[in-house]
Each structure stands twice: as C-alpha cells, then as structure tokens.
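One structure is given here, and the rest of the page talks about it.
None of the figures in this text is laboratory data; all of them are computed from the coordinates on show. Keep in mind the model is a prediction, meaning the values are calculated, not measured. We place every Cβ from the backbone using ideal geometry, glycine too, and count neighbours over all the protein chains shown.
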Amino acid sequence: MAEVTQEPQRAQAGVNEAGESKLKLWLKDRYDFSALGYLIKKKEVPQHRHSIWYYLGGITLFFFIIQVVTGIMLLLYYRPTAEAAFESVQFIMTEVKFGWLIRSLHSWSANLMIGAAFVHMFSVFFMKAYRRPRELTWVSGVLLLFLSLGFGFSGYLLPWNELAYFATKVGTEIVAVVPFVGDFFLKFLRGGEDVTGATLTRLFGFHVAVLPMICTILLMAHLLFVQKQGMSVPPQFERNDTKLKAMPFFPNFLLRDLLGWIVALAVLIAAAAIFPWELGVKADPFAPAPSGIKPEWFFVFMFQTLKYIPAKVLFIDGELLGILAFGVGGGLLVAVPFLDKNARLGKSSKLFTIAGIVVLIYMIAMTLVAYLLPQTF
Ligand code: HEM
C-alpha cells in the first residue's frame, strides 16, 4: 500500500526507488564514480605509533596551496623588470591593503613548505614508505622537492633587493664550473653573461609559469599514487604480521588532516604577522657585494660544504668535485627505492636507516655551522 502512494511522490521529487536524483543518475550513467565511492566509504588509514607522520604530506600540500593563492594576489601588482620590481614590491607592502601581510605569508609559507617537504621526505624514508609498490610515489616526491628548491631559488631574486641579487650571482656562478655544460647553464639561468634585468624576467617566468606547471602535474601524479596504493605500513609491523587498527579515511583521517592544516595556518599567520618579511635595499649591480651574503637556509649546507673542500683535490677543481658529489647525491636520492634491496624484500635495511641518519645530521650540522660560526661566502 505504502509503496503505491510513494511512487508519485518520488516521481514528483525526481528520485528513483534508491532515492537517487535524476542528476545523479545522469552523471552515474556517464562517469565512473566508484573510486570516489571507495574513498568515501571504504578507504582506511592504518593506525600505529608512527601514524603522526602521515600528516606531513598534507601539511606540505597546504603550504603549496597558500603559495598559489598568495602568489596570484602578488602577481596583480608585481612588475618583473629591474627598473620596477623593487618599487612594485615596496608598493605592495606600503600602499596595497594587507599587501605586506600577503607578501609576508608568501615568503613564510615558501620556507615552511620546503621545511615540511624535508620532514615529509625523511619521515617516509625512515618508514621505508618508498618500498614496492610506492617507488614512483618516492620518485615523484623527490622531484617535487627539487622543484620546491627551484621555486625558492627563482622566487628569491624577484624583489630585486641587494641580498637576493648577490645570492643569485653566487648561486648561478656555481653551475658554471661544471665542464662542457656549465657555461650554457649559467647563460640559460641568467639570460646572458651577468645577473641583469634579463635574469629577473627569466627567473620570474620559471617561478610563475614553468615550475608551477611541472609541479602541478607531478603533484597530481604523487597524490594519485597515494590514493591508489593507500598509506604504507612500516616494515616491522608487516614482518610481525601485527594486526593494526585502521581509521576510516573519510571523515576521520580527513578531519584530522584539516586540523593539521588549521594548526599550520595558525603558525603561518603568527609568523607572517609578528615577523613580517623585510624588503631590504634595492639591488645595485655596480655596488660591491656586501659581506655575509648567504643563500637561503635550504641551500646553506651545500655552500658550507663547498667552502671546506680545498681549491684542488689531486688534479680536480675542488668546487667541481663538490658539485659533482651533490649531483650524484641527488641521483642516489631518486634511486633509493631501487637501491634498497632489503626493503624491497621486506627485510630490515639498517644500512639505509643509518645512511639516512648520517645525511640528516650532516645537513643540520653544516647549516648550524654556517649560521653560528662567523664567516663570509
Ligand atoms: C611539494 C611537496 C610534496 C607534497 C605536497 C606531498 C604530498 C603528499 C601527501 C598529501 C601524501 C599522503 C599523506 C602522507 O603520507 O603524508 C604523500 C605521501 C607520500 N609522499 Fe609526498 N609530498 C611532497 C613531497 C614528497 C617528497 C619530497 C617525498 C620523498 C622524497 C615524498 C614521498 C612520499 C611517499 C613515499 C608517500 C607515501 C607515504 C605512505 O604511503 O606512507 N613526498 N605526499
């Protein structure tokens, strides 16, 4: 009896027996939403004593989104020429409503994003989350880190202030020592022999077009791999067949991820408002380099290392040796999932854990030495 009376009501409401609307039926008929359905209804996140690290990727993503939003806002006023860049940033900071805050948010979030990406990388490294089947998640992650460093390097020059000008000069000079291709890369980065307005326009193009495009594609691949494979479980739990509790991705894990975003936002706003990013003095290419010029903190460990390498090692130029070593280091980083055979076989790979700890201590020590011990670059 009830069925009979509900039919006209359902037809009136435009829903079928299962209560699905015509629009939903139309969409279901054309698109496969099963992956979304799985995400909302079935996807789970393993719970164990290292689960806290699962939030770092999300926090890095949050800062990336802040970069895109504040970057577009800055673009509305920024002018990428040596004549107008510094003045346009000054205008943003003094004339545009909350311009100083948007610029400060962009600068602070850039540094927090790179910091979060490093913590995310080391956390997935020590949790061996790069082992089969997540090799490409790792590779896309390392490339995302390199791109983040590229964002930092290209963005640094855009205010065209003294510090950034001379740091970019030193940074681009380093690639020139690489045999055969060094000179090409120097001219490619600088848009000529020296750091000029052409360098500014070129790095601006990288910063707002080339890097964002490549980064977006890599990030989508990275997140797709994560959604497809779900979160990894540290090998020690897998080996002992430990029965782990799991939490539904939606809404539990997602809400906690959002809580992480709110905490990250609070830290970001506090830093940007209490320690607004300074502008400094306009770059003067004819002025001598001020003493104590430092590259940005995430490059400092490399620069400090190059200082300790003697000018000549046997018959090889010391700086060249250093750069080649960092190049090989970067290559090894990408190849970690393919080099760590034990992790691939589900065995413990203590050697890689120790190597990771040594690299982490080396990077922190070199950075601290550079900031704490008086020196010039
Ligand atoms: C812009 C930079 C990056 C963003 C936005 C990002 C984002 C994410 C997100 C949202 C997740 C899922 C949640 C989580 O595990 O935290 C994730 C997982 C992962 N990421 Fe990243 N990531 C970035 C850089 C990196 C880097 C530098 C690496 C390694 C070198 C990396 C390797 C991984 C791996 C292996 C996983 C899987 C973790 C697991 O299954 O347990 N990511 N990433």
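Of note:
- Amide H contacts under 5 Å for V45, placed H, 5+ residues apart: M247, F249
- Simple spin-label estimate for E193 and A355 gives 4.4 nm between the two label positions (7 Å along the Cα-to-Cβ direction from each Cα).
- Computed over the chain, Cα set: Rg, Dmax in Å: 25.2, 96
- Under the membrane-span-like helix rule (DSSP H runs whose alpha carbons stretch at least 24 Å along the helix axis, mean Kyte-Doolittle hydropathy -0.5 or higher), the chain yields 56-75, 99-126, 135-157, 211-229, 254-274, 318-339, 350-372.
- In region 208-334, one over the average inverse separation of all distinct C-alpha pairs is 20.9 Å, which is the Kirkwood hydrodynamic radius.
- Pair-distance distribution P(r) for region 275-377, from all Cα-Cα distances in 10 Å bins starting at 0: 12, 30, 30, 19, 7, 2 percent.
- Computed from the C-beta positions of R30 and D284, the FRET efficiency with R₀ = 56 Å rounds to 0.40.
- Sequence-distant lysines (8 or more away, or on other chains) whose Cα lies within less than 26 Å of K41: K22, K24, K28, K228, K243, K245
- Descending semi-axes in Å of region 78-210, equivalent ellipsoid built from Cα gyration tensor: 30, 23, 11
- Amide H contacts under 5 Å for V313: G318, restricted to partners 5 or more places along the chain or on a different chain, H placed in the peptide plane at 1.01 Å from N.
- Furthest towards positive pole of dipole, S348, A335, V300, structure part region 270-368, Cβ charges: S348
- For L158, no residue has an amide H sitting under 5 Å from its own, ignoring neighbours fewer than 5 places away on the same chain, with H placed 1.01 Å from N.
- Highest mean packing comes first when the peptides 29-37, 333-341, 313-321 are listed by Cβ atoms within 10 Å, giving 333-341, 313-321, 29-37.
- The sum of -39500 (n - 2.57) across all DSSP H runs of n ≥ 4, divided by the residue count of the chain, sets its helix-only mean residue ellipticity at 222 nm to -21500 deg cm²/dmol.
- Cα→Cβ-extended label distance, 7 Å offset, between V210 and I40, nm: 4.2 nm
- Area projected by the alpha carbon convex hull of region 41-81, averaged over all directions, nm²: 4.9 nm²
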